[in-house]
Amino acid sequence: MSQLTKIVEWTSTQVLFSGLVLSLLIGIIGGLLTETYVLFGLPVLFLGAFLVIVDFRKVFYLLLISLPLSTEVELPGGFGTDLPSELLTVLLMGVFWVYALRHGKSFNIAFLKHPLTLFLLLHLGWIFITMLNSELFIISFKFLLAKIWYISTFYFLAGYLLKTEKDIQTFFWCIFCAILFTVIIILIRHAADGFSFEGVNFVLNPFYRNHVAYAAILVLFFPYLWYAPRWSTPYSWQWWLLIGSIVLFLSAIYLTYTRAAYVSLVLAVGAYVILKLRLMKVAIGVAIIVGLLGVIHVSTNNKYLDFAPDYSKTITHNKFDNLLEATAKGEDISTMERVYRWVAGFQMMNDKPWMGFGPGNFYEFYKPYTVNSFETYVSDNPEHSGVHSYYLMTAIEQGVFGLVLFLVLCFYALLLGERVYHQTTSKAEKRLVLMATLSLVIIDALLLINDVVETDKVGSFFFIAMAILVNMDLATRDKTHSL
C-alpha cells in the first residue's frame with residue numbers, strides 16, 4: 001500500500017509540474033500571439049496546488065525559467081509588475097518563510113551569521129530607517145517591500161537551494177534555456193530588420209523593456225556560460241550546444257549596441273586577472289581613489305559646467321558608429337541626459353546628505369535641482385526613469401551612509417570571491433566561484449551608469465551570485481575543518 005501511495009504521489013507531482021511548465025508555455029505563446037501579456041501570469045493558477053503537494057524547489061526552478069521570459073505589465077492606478085516572475089517571487093517568499101518557521105533546524109545557521117549576510121541585512125535595515133524619514137513614505141514603503149521579497153527569494157531561498165555543483169548546474173540550465181529562447185526569437189526578428197541599430201528596441205517585446213535590459217542579462221550570465229562547457233564531455237552534443245551558444249551570445253551582445261555591456265565584459269576579463277593575482281584590494285582601493293578624485297575635480301569651482309552640451313547638437317543617432325562618435329564629442333543624447341540627471345543628483349545630495357530623500361523618490365524631487373544648461377530633448381522624462389547610476393541614486397535616496405553600506409556590500413562580495421577562489425582546492429568549486437564573482441563584477445560595472453539592480457532580470461542574479469559565494473565559502477570552511 002505504501003508503495004502504491006508513493007507511485008500516486010510521484011505521478012501527481014509529475015502531472016502538476018508538467019501543468020506548470022505547460023501553462024507557462026501557453027501563457028508565453030498566447031501572450032505573443034494575442035498581445036495579451038496578462039497570460040504570462042497563467043502559471044500562478046497552478047501554483048497553489050503544486051506548493052501543497054510538492055517541494056518548492058521545483059517552483060523555484062520555474063521562477064528561474066520565467067526570469068528572462070517575464071514581461072512588464074501596467075496595472076490600474078499607475079502600478080506595474082513583471083509577469084509571471086514577480087508573482088512567483090512574492091509567493092515563494094511567503095512559502096519559504098512559512099517553511100523556515102516550521103523547519104528552522106534544517107537551515108545552516110552559518111549562512112545566516114556570515115558577514116555577507118550581515119552586511120546585506122544592514123543594507124536592508126538602513127533602507128527601513130530612511131523609509132521612516134522619507135519625503136514620500138508610500139513610495140519608499142513599496143521600495144522596501146520589493147527589496148524584501150528580492151532578498152528573501154533570491155538570496156535566502158537561493159542560498160538554501162543552491163549549495164552543490166549539481167544545484168548550480170540546474171540553475172544554469174533553467175536560465176540558459178530561457179535566455180537562449182529569447183535570443184533566438186530576437187535575432188530572427190532583428191535579422192528581418194537588417195540588424196539595424198535604430199530597430200533594436202522594437203524587436204525585444206515582450207521580453208525586455210529596452211536594449212539595455214537585454215544586454216544586461218546577456219553579459220551578466222556570460223561568465224556562467226563561459227565555464228559551463230567544463231560540465232560536459234568534450235565534443236558531446238551538450239558541449240557543442242554550449243560552445244555554439246557562446247558564439248551566439250557574443251553576437252547577440254554586439255547586436256544590442258549597448259556600450260555599457262561591451263565595457264563590462266572587458267572589465268570582467270580584467271577582474272579575472274586581478275582575482276588570479278590576488279589584487280582585488282588594490283583594485284578596489286584604486287577605484288575608490290579615482291572616483292573621489294573625479295568628484296572633487298568636477299565639483300571644484302563648478303568645473304562641471306564646462307561639460308554642458310550644445311542643445312542643438314545633442315540629438316538621437318540612428319547609426320551605431322555615429323553614436324560612438326557623438327559620445328566622444330559629448331553630443332549623444334542618452335549620455336548627456338545622464339549628465340543632466342547626475343548634476344541634479346549631486347545637487348540633491350548636497351541638500352540632504354545624511355538621510356536622503358527616501359528610497360524610490362528620485363523622480364519625484366529631481367526637477368528643481370536640474371541645471372538648464374545641461375538640458376536635452378528628452379529631459380521631460382515621460383518614462384519616469386531614474387538617475388541612471390545606482391550608486392548615485394543610493395546616495396540621493398538613502399544618504400551618504402546608505403551609499404557606503406551598499407559599496408561595502410559590493411566590495412566585500414568581490415573580496416570574498418577572491419579569498420574563496422584561492423582557498424578551495426577543488427577545480428569545480430573554483431569555477432563556481434569565478435562564475436558568481438565575475439557576474440557580480442559585470443553587474444557592479446553596469447550600475448555605474450544604470451539603475452538595473454531593481455529589475456528582476458538583473459537584481460535576481462545579483463543576490464543569487466552572493467548566495468553562491470557564501471555557500472562556496474562555507475563548503476571550503478567545512479573541508480578545511482575536516483582535515
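Please treat every number below as a calculation from the coordinates, not as lab data. Not measured: the values here are computed from a predicted model. All Cβ positions, even for glycine, are placed from backbone atoms using ideal geometry, and neighbour counts span all protein chains on display.
Things to note:
- For the range 187-237, the alpha carbon convex hull comes to 113 Å³ per residue, rounded to a whole number.
- Size of electric dipole in the range 151-222: Cβ of Lys, Arg +1 and of Asp, Glu -1, about Cα centre, debye, nearest 20: 140
- Computed on the Cα trace of the range 184-300, the radius of gyration divided by the Kirkwood hydrodynamic radius gives Rg/Rh = 1.09.
- In this structure, the amide hydrogen of THR71, modeled 1.01 Å from its nitrogen in the peptide plane, lies closer than 5 angstrom to those of LEU83, SER85, counting only residues at least 5 positions away or on a different chain.
- Alpha-carbon spread of the range 100-223, three principal axes, descending order, Å: 55, 46, 24
- By average C-beta atoms within 10 angstrom, highest first, the peptides 403-416, 457-470: 457-470, 403-416
- Here the range 372-483 was treated as a single set of alpha-carbon atoms; its pair distances binned every 5 Å from 0 give 2, 11, 17, 18, 15, 11, 9, 6, 4, 3, 2, 1, 0, 0 percent.
- Each part gets one Cα centre, and for the range 337-364 versus the range 202-276 those centres are 33 Å apart.
- Karplus-based coupling profile of the range 166-178, in residue order and whole Hz: 5, 4, 6, 4, 5, 3, 4, 5, 4, 5, 4, 4, 5, with θ = phi - 60° in 6.51 cos²θ - 1.76 cosθ + 1.60 and x standing for Gly or Pro.
- Relative frequency of Cα-Cα separations exceeding 20 Å in the range 331-391, percent: 19
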